[in-house]
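Here the structure is laid out as structure tokens; the discussion comes afterwards.
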Amino acid sequence: MSMRFKTVVTTAGAARLAAATVPGGKKVSITAMAVGDGGGKLSEPDAGQTKLVNEVWRHALNKISQDNRHSNYIVAELLIPPEVGGFWVRELGLYDDEGALIAVSSLAESYKPALAEGSGRTQTCRMVIVVSSVESVALSVDSTMVMATQDYVDDRLAEHEESRNHPDATLTDRGFVKLYSGVTSQDETLAATPKAVKIAMDNASARLAKERNLADLTNIPLARQSLQLGNSATLNVGTTQGSVAAGDDSRITGAMQKSQNGGDIPDKDLFVRRIGA
């Protein structure tokens, strides 16, 4: 049984691909794909074609790449957006940057509705061509003309979510941080957990407030005991009973020192007479 749907490299395409393989040859830059309706019927691709039987739409490629399993297969992809349509798709053509038809293919016919018709969808068209050397084809597209399919976006998001290739946060940029429940580190790349915040707040609440001058002590007698202060710590300064003398009290500054054995008496003769010695 003969193959009904196929892709054929045109005579012009074969010549350009061959010329690209010689030393110093120019790579073939495939930039666009055209869609045709075959003039109302399925068409048979022919190497002598220079254009589609009846082109209905053309646009820059969305993607061109080397096949993952076959190194000499080139896969070109075109996306037809939802708002474009109202025609049948029966033939495809690949064009280079000089407008030459490089390859042509037939495919199972399908109707591409336009969004205005009440049923719009994004349609993907792919062509695969076999080359003797993948180096003869420039595998690049104009990124400003690329449209991402929903499947592509979903796949890339899934890959990103599963990967660890995310930037770390800094003091100036947003990013990923590692959680930390300790309260002693000075590391500025870690993020405090609620547990760490609670520990810090509990610690702060247990501290004395400087501006309250110890008025926030919960057990003042125990505090005096811990400081090894005696009863005099609670007495006022004065000269009466139940008070303590100030450090500059004359009774202290003018008192004789026992260790002097009277040597610090200013008028010893008067002292002797007064004690009747």
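Quick check on region 167-233: take the gyration tensor over C-alpha atoms, sort the square-rooted eigenvalues as a ≥ b ≥ c, and tell me if it's rounded (a/c under 1.5), prolate or oblate.
Taking the square roots of the gyration eigenvalues as a ≥ b ≥ c, region 167-233 is prolate.
Compute a Gaussian network model of the chain, connecting alpha carbons closer than 10 Å, and tell me which residue from N62, N231, N203 fluctuates the most.
Maximum among the listed residues: N231.
Quote the FRET efficiency, to the nearest 0.05, computed for Q66 versus E98 with a Förster distance R0 of 22 Å and r equal to the Cβ-Cβ distance.
Efficiency, from the Cβ-Cβ distance: 0.50.
Ranking request for peptides 119-131, 63-75: highest mean number of other beta-carbon atoms within 10 Å first, then the rest in descending order.
For the peptides 119-131, 63-75, the packing ranking is 119-131, 63-75.
How far is it, in nm, from the label point at R224 to the one at E161 when both lie 7 Å from their Cα along the line to the Cβ?
Label-label distance for R224 and E161, simple model: 6.8 nm.
Compute the angle between helix 150-162 and the longest alpha-carbon principal axis of the chain, please, reported from 0 to 90 degrees and rounded to the nearest 10.
Roughly 30 degrees, rounded to the nearest 10.
Using Cα atoms only, what is the angle between the long axis of helix 194-205 and the major principal axis of the chain, expressed in degrees (0 to 90) to the nearest 10?
20 degrees
Would you mind calculating the gained length between Y73 and N236 on full extension (0.36 nm times residue separation, minus the Cα-Cα distance), in nm to one decimal?
Contour length minus the Cα-Cα distance gives 48.5 nm.
Working from the alpha-carbon coordinates of region 7-142, get Rg over Rh, Rh being the Kirkwood radius.
In region 7-142, Rg relative to Rh is 0.99.
Please label the shape of region 6-74 as rounded, prolate or oblate, based on the square roots a ≥ b ≥ c of the eigenvalues of the alpha-carbon gyration tensor (a/c under 1.5 means rounded; beyond that, a/b larger than b/c means prolate, else oblate). Numbers along the way, then the final one.
Details: a/c = 1.94, a/b = 1.59, b/c = 1.22.
Because a/c hits 1.5 or more and a/b exceeds b/c, region 6-74 counts as prolate.
Please compute the length gained on full extension between N203 and K41, using 0.36 nm multiplied by the number of residues separating them and subtracting their Cα-Cα distance.
Result for the pair: 50.0 nm of gain on full extension.
Quick one: angle between helix 11-21 and the longest Cα principal axis of the chain, in degrees between 0 and 90, rounded to 10, please.
It is inclined by approximately 50 degrees.
Which values, in whole Å and largest first, are the semi-axes of the equivalent ellipsoid of the chain obtained as the square root of 5 times each eigenvalue of the Cα gyration tensor? It would help to have the intermediate numbers written out before the result.
Working: eigenvalues 2145, 104, 39 Å².
For the chain, the semi-axes come out at 104, 23, 14 Å.
Taking the Cα-to-Cβ direction at N213 and at N54 and moving 7 Å from each Cα, how far apart do the two end points lie in nm?
Spacing of the two 7 Å Cα→Cβ label points: 10.2 nm.
All of the numbers you see were taken from the coordinates with simple rules; none came from a lab. Just so it is clear, the structure is predicted and the values come from calculations on it, not from any experiment. Virtual Cβ from ideal backbone geometry, glycine too; neighbours counted across all protein chains shown.
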